[in-house]
Protein chains: 4
Amino acid sequence: MTETKEHTYKLRVYYEDTDAQGVVYYANYLKFIERARTEFLRNIGYQQEKLLNEGLIFVVNGIQMSFRKPAKLDDGLKIKTRLIKLGKASFHFDQEVFSEENFLLCKGLVRCACLDSKSFKPVALPKELLDGMRSIL
Amino acid sequence: MTETKEHTYKLRVYYEDTDAQGVVYYANYLKFIERARTEFLRNIGYQQEKLLNEGLIFVVNGIQMSFRKPAKLDDGLKIKTRLIKLGKASFHFDQEVFSEENFLLCKGLVRCACLDSKSFKPVALPKELLDGMRSIL
Amino acid sequence: MTETKEHTYKLRVYYEDTDAQGVVYYANYLKFIERARTEFLRNIGYQQEKLLNEGLIFVVNGIQMSFRKPAKLDDGLKIKTRLIKLGKASFHFDQEVFSEENFLLCKGLVRCACLDSKSFKPVALPKELLDGMRSIL
Amino acid sequence: MTETKEHTYKLRVYYEDTDAQGVVYYANYLKFIERARTEFLRNIGYQQEKLLNEGLIFVVNGIQMSFRKPAKLDDGLKIKTRLIKLGKASFHFDQEVFSEENFLLCKGLVRCACLDSKSFKPVALPKELLDGMRSIL
């Protein structure tokens with residue numbers, strides 16, 4: 001049941017997101033897809049603030065993005081997120097940004113790691129979180 | 001009925017909004033309250049993208065903000081917006097940002113103007129919009 | 001000797017700073033003037049990262065800004081900063097943003113406080129810093 | 001003479017660039033490397049504002065980034081930019097972000113295209129610009 005494992009997040013484009021080209025500034029898609037990943041993980045019972053207080057952080061190690069069509073002010077966007085790989089201390093997401101008319105605007109592969117918040121060294125994902133993630137892989 | 005004239009907008013704090021002090025970066029409250037004003041105006045039938053295409057823009061002439069308590073990662077915030085003054089080509093908002101526990105975090109007075117998008121000179125608000133705004137004053 | 005007590009900081013406007021109106025987005029002036037305050041304080045031997053590690057942070061309690069003329073992509077801006085008030089745990093700045101042609105674009109009064117980085121309670125400024133600030137008041 | 005064809009841009013990390021993990025937020029590296037590309041192109045006589053007024057824009061079609069070490073508040077960063085491929089309406093950059101101690105923090109490949117600013121369709125680079133770019137390839 002692929003459908004249930006894909007998470008959809010919706011957002012609206014505001015002036016803050018656009019630039020003088022009249023479209024969404026490229027770096028802001030990285031903000032958008034992080035909001036989507038955050039809500040995706042909140043769904044399986046994970047909260048960034050809570051983990052941060054426990055000394056764990058998630059960081060992005062690498063991204064590959066392609067930008068296909070521009071989004072504009074007031075556009076409603078839909079972000080689809082899938083967990084596509086899960087290791088002990090790392091996990092990869094596939095994320096796609098669609099317009100309200102279902103045009104693919106932007107597509108990305110995001111490689112994340114779980115680190116100790118002080119040393120920034122890799123740490124195994126807490127068991128509940130690993131189990132939660134397995135359930136959506 | 002003051003209640004119906006006050007608009008409430010909700011948002012979540014993401015990593016992008018925070019800084020190394022562990023709290024929301026002060027400039028980002030200006031983004032938050034603009035999102036709230038945008039949705040407030042959308043409610044009375046106004047869309048920034050549409051106006052921009054008609055050659056009109058809204059700009060902020062001045063702000064007065066006080067920052068009282070910090071907001072943190074993952075916090076849910078509530079923004080209350082009221083139109084408090086309406087002129088031919090200008091309008092003022094009173095905006096307050098609350099935590100989920102209803103603590104006042106930040107409070108602002110925002111003075112806006114309607115301008116021609118090319119010349120940046122003041123222009124009277126379109127009649128429907130002026131009427132719409134009167135209804136919520 | 002007023003001249004020596006006024007600090008000038010220069011910056012360039014990039015796409016990231018602009019919005020779909022083709023001008024600098026209003027919240028970004030708060031970023032610009034914070035860069036200027038940071039360099040102003042660095043000049044008197046103060047570094048935010050160092051203080052943060054000592055458990056002290058500076059926060060903005062309040063701002064009053066007026067936005068007069070827009071800045072555009074590629075513009076070179078000049079920010080003039082003066083310390084105008086100095087208390088035990090608080091200090092106020094007057095800041096002005098000018099275009100390369102010396103037009104005043106934006107003007108602000110910024111009220112800052114020194115806080116404990118954990119409790120967010122007011123703390124007296126460290127003596128050397130207070131002395132350094134007195135020298136530029 | 002590789003040295004002369006590689007452009008170096010320096011910047012300082014401010015609070016605006018950091019997040020609650022205490023380090024530079026990942027999306028902000030995309031801002032940093034765009035500042036570097038902009039100055040790189042300014043060096044060969046190209047200005048984004050001027051081109052925008054002539055109806056041309058540069059957009060990023062795709063990026064591949066790896067984030068290796070975190071940068072912190074007050075850090076001085078150095079960005080090295082090289083043009084590695086040049087087509088009629090497209091060009092690729094290789095960009096690296098270094099700490100003041102010359103640690104590689106982040107590395108990216110950026111694919112850009114030249115578009116018509118209204119239609120967002122690919123357009124050949126203006127001849128002078130193409131010649132200028134050839135000189136640094």
Using alpha carbon centers only, region C:1-74 is separated from region D:51-89 by a whole-angstrom value of 24 Å
Out of C:20, C:124, C:89, a Gaussian network model of chain C with alpha-carbon springs under 10 Å gives the largest mean-square fluctuation to C:20
Rounded to the nearest 500, the 222 nm mean residue ellipticity computed for chain C from DSSP H runs (n ≥ 4, each -39500 (n - 2.57)) alone is -7000 deg cm²/dmol
In degrees rounded to 10, the 0-90 angle between helix A:127-136 Cα long axis and the longest Cα principal axis of chain A is 40 degrees
Ignoring ligands and nucleic acids, residue C:59 exposes an accessible area, probe 1.4 Å, in Å² to the nearest 10, of 20 Å²
Cross-link reach from residue A:80 to aspartates and glutamates, straight Cα distance under 12 Å and at least 8 residues apart if same chain, gives A:3, A:6, A:34, A:39, A:94, A:96
So, over other residues within a Cβ distance under 13 Å of residue C:87, counting Lys, Arg +1 and Asp, Glu -1, the net charge is +4
Per GNM of chain A with C-alpha springs under 10 angstrom, the most fluctuating residue out of A:51, A:86, A:109 is A:51
Each label sits 7 Å from Cα toward the beta-carbon; between residue B:85 and residue B:8 the label points are separated, in nm, by 2.8 nm
For region B:6-134, the accessible surface attributable to carbon and sulfur atoms (probe 1.4 angstrom, ligands and nucleic acids excluded) amounts in percent to 47 percent
So the angle from the long Cα axis of helix D:28-43 to the longest Cα principal axis of chain D, reported in degrees to the nearest 10, equals 50 degrees
Long-range amide H partners of residue B:44, meaning residues 5 or more apart or on another chain whose placed amide H is closer than 5 Å, are none
Mean-square fluctuation maximum in Gaussian network of chain B, Cα pairs under 10 Å, restricted to B:12, B:82, B:111, hits B:12
Restricting to lysines and to Cα separations under 19 Å from residue D:85, and discarding same-chain partners fewer than 8 apart, the set is D:5, D:107, D:127
For residue C:64, inter-copy label-point distances (7 Å, Cα→Cβ), nm, shortest first, read 0.7, 5.5, 5.5
Diffing region C:60-71: the Karplus 3J(HN,Hα) column from phi (6.51, -1.76, 1.60, θ = phi - 60°), in whole Hz with x for Gly and Pro, holds 8, 8, x, 9, 10, 10, 10, 10, 9, 9, x, 9
With Rh as the Kirkwood radius over Cα pairs, chain C has Rg/Rh of 0.99
Taking every other residue with Cβ under 14 Å from the Cβ of residue B:64 and scoring Lys and Arg +1, Asp and Glu -1, one gets +4
What the 10 Å binned alpha carbon P(r) of region A:72-137 shows, as percent of pairs per bin from 0, is 19, 37, 26, 16, 1
If amide H atoms are modeled at 1.01 Å from N in the peptide plane, then the residues at a separation of 5 or more from residue B:71, or on another chain, having amide H under 5 Å from its own are B:24
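The values are calculated or read from the model by the stated rules, or taken from the named source; none is laboratory data. From a predicted model like this one, the values you see are computed outputs, not experimental measurements. Using ideal geometry, Cβ is built from the backbone for each residue, glycine included, and neighbour counts are taken over all protein chains shown. Heavy atoms of the whole protein, side chains included, go into the accessibility calculation; ligands, DNA and RNA do not. Shrake-Rupley method; radii C 1.70, N 1.55, O 1.52, S 1.80 Å.
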